[in-house]
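The values are calculated or read from the model by the stated rules, or taken from the named source; none is laboratory data. Because the structure is predicted, anything quoted here is derived from the model rather than measured. Neighbour counts run over all protein chains shown; Cβ positions are idealised from the backbone, glycine included. Quick note on the areas: whole protein, heavy atoms, side chains included, nothing else; ligands and nucleic acids left out. Shrake-Rupley method; radii C 1.70, N 1.55, O 1.52, S 1.80 Å.
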Amino acid sequence: MEFVPTPAVHRVLCADCGTPIEPNSANLCIPCLRNSVDITEGIPKQATLNFCRNCDRFLSPPTSWTIAEPESRELLAICLKKLKGLNKVRLIDAGFIWTEPHSKRIRVKLTIQKEVFSSTILQQIFEVEYVVLYGQCPDCGRLAAKNTWKAVVQVRQKVPHKRTFLYLEQLILKNGADKDTISIKETREGLDFFYAQRNHAIKMTEFLSSVVPVRTKDSEQLLSRDTHSNVSNYKFSYSVEIVPLCRDDLVVLPKALARSNGNVNPLTVCVKVSSTVQFMDPTTLQTADIPAPVYWRAPFESIAHSADLIEFLVLDIEPSGPTHGKYVLADAQVVINNTKRTKTQDMDTEDGGNDAIYHTRTHLGRFLQAGDTVKGYFLRNANVNNADYEKLDQSRL
């Protein structure tokens with residue numbers, strides 16, 4: 001095998017230190033090139049970050065305020081925006097250097113590249129120190145100055161118990177719908193959400209309409225008007241009323257409404273409250289979905305709610321076949337639970353005994369077994385003041 005020698009590398013001496021190097025356009029070695037050319041020139045090594053301690057937000061240039069966790073991508077993006085001259089070089093890497101949380105200092109290590117001479121690219125690593133300045137964002141400033149809000153969303157539900165309202169609170173927290181709220185005030189029948197901008201209040205009302213059946217009314221109040229520039233200052237109010245129905249409420253549908261929903265039995269139980277209200281006849285598993293506009297055209301109330309439930313003991317239960325989702329129709333024999341029964345209920349029992357057995361139908365056939373205790377409505381002893389209920393066939397109750 002013939003030996004082929006590698007071509008000799010032509011080298012020149014560095015113009016400053018005389019070290020043999022490969023030729024380049026500057027005729028300088030890397031250390032001498034770094035000493036003579038600083039690619040970080042024009043990039044500040046110190047900067048400031050504005051932080052609002054009331055709402056835990058950083059100022060993102062130019063005017064927006066953003067929530068950013070320590071050493072997060074959002075905070076790193078804000079830090080890079082504060083550096084002028086960074087667009088003249090190529091950013092290779094950026095990361096945080098750990099500092100004490102109480103030091104009010106944030107240190108970022110940057111790696112940049114820049115072409116200093118023709119076909120000569122220089123890379124350099126340097127640090128930038130940020131000083132965190134505490135202050136107030138405009139929203140918190142208005143709150144401190146008692147000019148707290150520009151729009152308010154008043155959420156109300158006029159029921160003795162607020163099962164739907166409590167469910168709505170969990171949805172608001174889960175979806176972060178309250179992130180733009182500057183203040184929340186509790187009232188007798190609901191909550192008031194205050195906002196610094198009108199579009200945040202509109203966004204909140206749209207969210208409420210998508211998760212629960214509501215009706216909304218808006219109004220505005222003129223605060224001031226500049227006749228020279230024709231600019232007016234208003235405060236906006238949005239009244240959101242939730243339907244006064246909750247899950248497990250006993251409801252008698254108006255005759256016309258029941259006929260328009262597949263001729264369902266008017267005596268129904270509310271099984272679900274979402275963007276619509278779903279009712280079910282527990283004796284046939286027939287359902288009726290009523291949207292908010294239909295309900296508010298002819299509103300009605302429940303004849304009994306969860307506080308009126310009485311505890312029964314299941315003696316025997318036999319599924320009869322029909323199913324609807326998780327519900328199974330079943331025939332059940334129940335008796336009022338002796339430990340929960342009151343003297344008034346014993347005296348009012350028409351069958352004349354403490355152990356009167358009642359034969360009924362239930363939609364909970366999948367969940368109940370003999371020996372279980374279950375809560376239900378005891379209509380025989382109930383005092384219902386409802387015109388639609390009085391029109392029902394009492395022998396079928």
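Determine whether segment 85-94 contains at least one residue that is within 44 Å of the chain's Cα centre (by Cα), farther than 21 Å from residue 135 by Cβ and β-branched (Val, Ile, Thr). Yes, the conditions are met somewhere in segment 85-94.
Looking only at residues in segment 22-48 that are hydrophobic (A, V, I, L, M, F, W, C) and in contact with a helix residue (DSSP H, G or I) (Cβ under 8 Å, 6 or more places away or on another chain), which one is modelled with the highest pLDDT? Only one residue tops the list, namely 47.
Could you give every pair whose Cβ atoms fall below 6 Å, whose first residue belongs to segment 186-211 and is in contact (Cβ under 8 Å) with a residue 24 or more places away in the chain, and whose second residue is open to solvent by 70 Å² or more (accessible area, probe 1.4 Å) and part of a loop (DSSP other than H, G, I, E, B), counting only separations of at least 6 or pairs across chains? Once the first residue is in contact (Cβ under 8 Å) with a residue 24 or more places away in the chain and sits in segment 186-211, its partners that are open to solvent by 70 Å² or more (accessible area, probe 1.4 Å) and part of a loop (DSSP other than H, G, I, E, B) give 189/158; 196/150. On the given criteria, is residue 170 open to solvent by 30 Å² or more (accessible area, probe 1.4 Å), modelled with pLDDT of 80 or more, under 17 Å from residue 214 (Cβ atoms) and not assigned by the TED database to the domain that holds residue 47? Judged against the criteria, residue 170 is a match. Among residues of segment 218-236 that are on the phi > 0 side of the Ramachandran plot, none has a Cβ under 9 angstrom from a residue that is surrounded by 10 or more Cβ atoms within 10 Å (Cβ to Cβ) and charged (D, E, K, R) at a sequence gap of 6+ or on a separate chain.
Right, residue 169: under 26 Å from residue 289 (Cα atoms) and within 19 Å of the chain's Cα centre (by Cα) or not?
Numbers: under 26 Å from residue 289 (Cα atoms): yes; within 19 Å of the chain's Cα centre (by Cα): yes.
Answer is yes for this residue.
Scanning segment 94-113 for residues that are assigned to a strand (DSSP E or B) and open to solvent by less than 80 Å² (accessible area, probe 1.4 Å) returns 94, 95, 96, 97, 106, 107, 108, 110, 111, 112, 113.
How many residues does segment 124-145 hold that are open to solvent by 80 Å² or more (accessible area, probe 1.4 Å) and either in contact with a His (Cβ under 8 Å, 6 or more places away or on another chain) or at pLDDT 75 or above (or both)?
Applying the first criterion (open to solvent by 80 Å² or more (accessible area, probe 1.4 Å)) to segment 124-145 yields 125, 127, 134, 136, 142.
Applying the additional criterion that residues be either in contact with a His (Cβ under 8 Å, 6 or more places away or on another chain) or at pLDDT 75 or above (or both) yields 125, 127, 134, 136.
Qualifying residue count, segment 124-145: 4.
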